[in-house]
Amino acid sequence: MRFIVFTLACCYGQNIGIAMLMHESNSFNGSLTQRADFTVTRGGAPNWRAFFAAQKNEVTGALDVFGADSKVRITEGLYGSATPKGPVAKAVYESLVSELIASLKAGPKLDGIFLALHGAMVAEHFPQADDETMRRVREAFPNIPIVVTHDFHANISPRSLSYCTALIVYQQTPHLDTRERGQRAARILLRTLRGEIKPVQSIVKPPMVFNILYHNTYSGVLHPITQDSMAIERNNPKILSASVLAGYQYADVPFMGPSVIVVTDNDRDLAEREAKRLSDRLWAVRHELKMNAPNPATAVANAMKAPKFPVALMDTGDNIGGGSAGDSTFILAELLKQKAEGWVVTMYDPAAVDAALKAGIGGNFDMAVGGKSDKQHGTPVRVRGRVRSFDDGNYIEPAVRHGGSTFYRMGLTAVIEAEGSTPLLKNYLVLTKERSSPNSIHQIVHLGIYPERQKILVAKGTIAPRAAYEPVSAEIVLVDSPGATAVNPAHFTFKLVPKDLFGLRP
Ligand SMILES: [Zn+2]
């Protein structure tokens, strides 16, 4: 039966469905992710193709491959994505997955599916939510190849491999290879449909937390292991994909932590052997994953006397891309207390934006900002200054940056020239109505803030902002700040994560 399906698909072209549902859910953020948090583009919407064509993500990569093949017809499925936050509300998960499956059934009978999932979605009623999504898609389409992509921060349940033909994961953090991974996944799907290959896959999970401080794959402990995974893909044609991923340490789920997945062309032994070998390499560096980040007070004091500016301080406890509140005040409080000069802080605070609007451009600003979302991110801090400007908070990133997005939004935005500013050196407090991870330097550039003229840039993230901030910064400092994404797992009480994972209690 399978032979007949493939033969027909080969002769008459292939109908391929593409859908994408992305969320990284932080179990320690008490705010559930709701439908309004999601940007949703329905299958077949007039802007569907243009939306993906303008990005650099895994679906863009799939369209590169499928679009270049005249025999492929695409069914445009649901796209849904939300900024990381707390677990996805039950009803929201149920409706999105139902719509996703319906969107794939709306077109002609499919021969294959390209499904882009994050891998670290937690739903209220399913801790390993992407696993459940894959199970449902497989149930709806029992006999066709389904190739799935995941983010590097996926917490993968080994069972999920049984629901798909191949699982391909980003290799790089910051995620600059999303498009290439999408292209690879799409080629695997096409070649499978045409009977050229028969993917088999193996997963090995070393029993450890791979601390987020060390997720940079472009240097440091992960670099040689990532390079190894790339080399075997390059040098061995039997290896269709080798994914080494570090997992996401803020999800309290049974399979939290790193994984290695190797997909081969019908060679199970090779897949198992290489996955084990790469997993052993992760395990071997476990003692090097030590906490070595300064606290906010030390980080600010050091930055003020740095030999070269600007210094970028990564607010790891308030890593918006990791699902934190976006309004932590620990670093801002130190900047004010130590009378630092030439700083830029971006903060989510809708009420403060409203206060700035009331004051108008040039008006006085004097209010306590931040620390309002919950009790984990500091107390509100009084800031005095002058309202400089407003913006609708929409900007684009033309270059390839973490995640491969082109379009960003942070809601109505107010720029405050804060106390301590001089005519030559300003302190900027950027207040936003929505939480937005600082993956693009255009977040501040589009507001008329020149990062190279500043001394201290604060970015609410850990590794993701590096690609944006490295080109403009003399130094990047990871700051050990408290919050929902504090880098030390000992700050959190896990219930579902296995208690004996190495690194859970450093
Ligand atoms: Zn990620």
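The values are calculated or read from the model by the stated rules, or taken from the named source; none is laboratory data. Keep in mind it's a predicted model, so treat the numbers as computed, not measured. Virtual Cβ from ideal backbone geometry, glycine too; neighbours counted across all protein chains shown.
Table for the structure above
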{"item": "Strands (runs of 3 or more DSSP E) enclosed by segment 1-112 - at least 3 residues per element that are buried (at least 18 other Cβ atoms within 10 Å of the Cβ)", "result": "14-22, 72-82"}
{"item": "Number of positions in segment 192-224 that are touching a strand residue (DSSP E or B) at 6+ places or on another chain (Cβ under 8 Å), surrounded by fewer than 20 Cβ atoms within 10 Å (Cβ to Cβ) and closer than 18 Å to Ala284 by Cβ", "result": "1"}
{"item": "Filter result for the condition that a residue is touching a residue at least 24 places away in the same chain (Cβ under 8 Å), buried (at least 24 other Cβ atoms within 10 Å of the Cβ) and touching a helix residue (DSSP H, G or I) at 6+ places or on another chain (Cβ under 8 Å), over Val263, Val253, Val285", "result": "Val263"}
{"item": "Wholly within segment 355-404, strands (runs of 3 or more DSSP E) carrying at least 1 residues that are away from the ligand (no atom under 16 Å from the Cβ) and closer than 30 Å to Met20 by Cβ", "result": "381-391, 394-396"}
{"item": "Any chance Leu167 is within 16 Å of the ligand (Cβ to nearest atom) and either hydroxyl-bearing (Ser, Thr, Tyr) or not in a loop (DSSP other than H, G, I, E, B) (or both)", "result": "yes"}
{"item": "Checklist (1) in a loop (DSSP other than H, G, I, E, B); (2) at pLDDT below 95; (3) under 22 Å from Arg435 (Cβ atoms) applied to Gly321, failing item", "result": "(1)"}
{"item": "Residues located in segment 59-108, provided they are within 19 Å of the chain's Cα centre (by Cα) and of a type in the set (Ser, Thr, Tyr)", "result": "Thr60, Tyr79, Ser81, Thr83, Tyr93"}
{"item": "Qualifying residues in segment 183-218 (those that are within 15 Å of the ligand (Cβ to nearest atom) and not in a loop (DSSP other than H, G, I, E, B)) - the one farthest from Ala271 (Cα to Cα)", "result": "Leu213"}
{"item": "Any hit, segment 417-434, residues being within 16 Å of the ligand (Cβ to nearest atom) and either more than 23 Å from Ala333 (Cα to Cα) or at pLDDT 95 or above (or both)", "result": "no"}
{"item": "Counted residues, segment 124-156 - those being more than 16 Å from the ligand (Cβ to nearest atom) and part of a strand (DSSP E or B)", "result": "3"}
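Residue by residue, here is whether (1) buried (at least 24 other Cβ atoms within 10 Å of the Cβ); (2) of a type in the set (D, E, K, R); (3) within 16 Å of the ligand (Cβ to nearest atom) holds:
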site	(1), (2), (3)
Val122	yes, no, yes
Pro158	no, no, no
Leu176	no, no, yes
Arg181	yes, yes, yes
